[in-house]
Amino acid sequence: MATFNDVWKIGMGLPEVEETTIYGTAGLKVRGKGFCRIWSEREYERDEISDTEVLVIFCELDEKEALLEQYEGVLFTTPHYDGYGNLLIRLTDATTEQLTDFLDISYLVKAPPALAKQIAD
């Protein structure tokens with residue numbers, strides 16, 4: 001079971017990551033671009049989820065469906081994110097290894113190429 005504290009620990013180990021606030025919630029950014037954030041109260045209410053913290057991450061849109069299938073139960077989406085390269089992580093169901101992989105994916109989407117190369121190698 002992961003928490004945002006785990007997200008923070010993993011994310012802060014990536015090059016040039018800073019803690020930030022995105023849409024009023026805790027998040028992480030790389031060179032000014034947010035690559036993950038916790039859902040806001042309004043989002044939990046909108047989608048009637050109360051049993052887990054939810055983390056928003058980014059992926060390439062053409063990879064979204066495959067990731068959702070591969071990590072069914074951990075990753076999900078809502079109609080709000082249809083057509084966008086966003087995934088939602090049920091933190092209570094994510095392992096540390098999965099969370100590390102998901103944060104790497106999101107970081108690679110948002111980081112400048114020179115920084116992305118540092119973790120892609």
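Every number in this text was worked out from the coordinates using simple rules, so none of it is lab data. The structure displayed is predicted, hence computed values, not measured ones. Here the Cβ positions follow ideal geometry from the backbone for every residue, glycine too, while neighbour counts run over all protein chains shown.
Taking the Cα centre of the chain as origin, sum charge times position over the Cβ atoms of Lys and Arg (+1) and Asp and Glu (-1), and report the length of that vector in debye to the nearest 20. Don't jump to the answer; show the numbers that get you there.
Details: 11 positive and 23 negative charges, 124 e Å.
The dipole magnitude comes to about 600 debye.
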Task: In the chain, lysine pairs closer than 17 Å at Cα, eight or more apart or cross-chain - done: 6
Task: the stretch 4-107, relative contact order [Cα under 8 Å, separation at least 6], % - done: 25
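Taking every DSSP beta bridge with both residues inside the stretch 2-101, roughly what % is antiparallel (nearest 5)? Don't skip to the end; give the middle numbers.
Values: 20 of 21 bridges.
Antiparallel bridges make up about 95 percent of those DSSP assigns within the stretch 2-101.
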Task: Debye equation applied to the C-alpha atoms of the stretch 4-107, log10 I(q)/I(0) at 0.12, 0.15, 0.19 Å⁻¹ - done: -0.35, -0.56, -0.94
- [ ] Would you mind checking the tilt of helix 96-110 against the longest principal axis of the Cα atoms of the chain, expressed as 0 to 90 degrees and rounded to 10?
- [x] 70
Task: Loop-resident sites, the stretch 13-108, for trypsin sites (Lys or Arg not before Pro), counting at most 14 other Cβ within 10 Å (DSSP) - done: R31
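Rounded to the nearest 500 deg cm²/dmol, what is the calculated helix-only ellipticity per residue at 222 nm for the chain, with -39500 (n - 2.57) per DSSP H run of length n ≥ 4?
Values: 5 runs with 44 residues, N = 121.
The per-residue figure over the chain is -10000 deg cm²/dmol.
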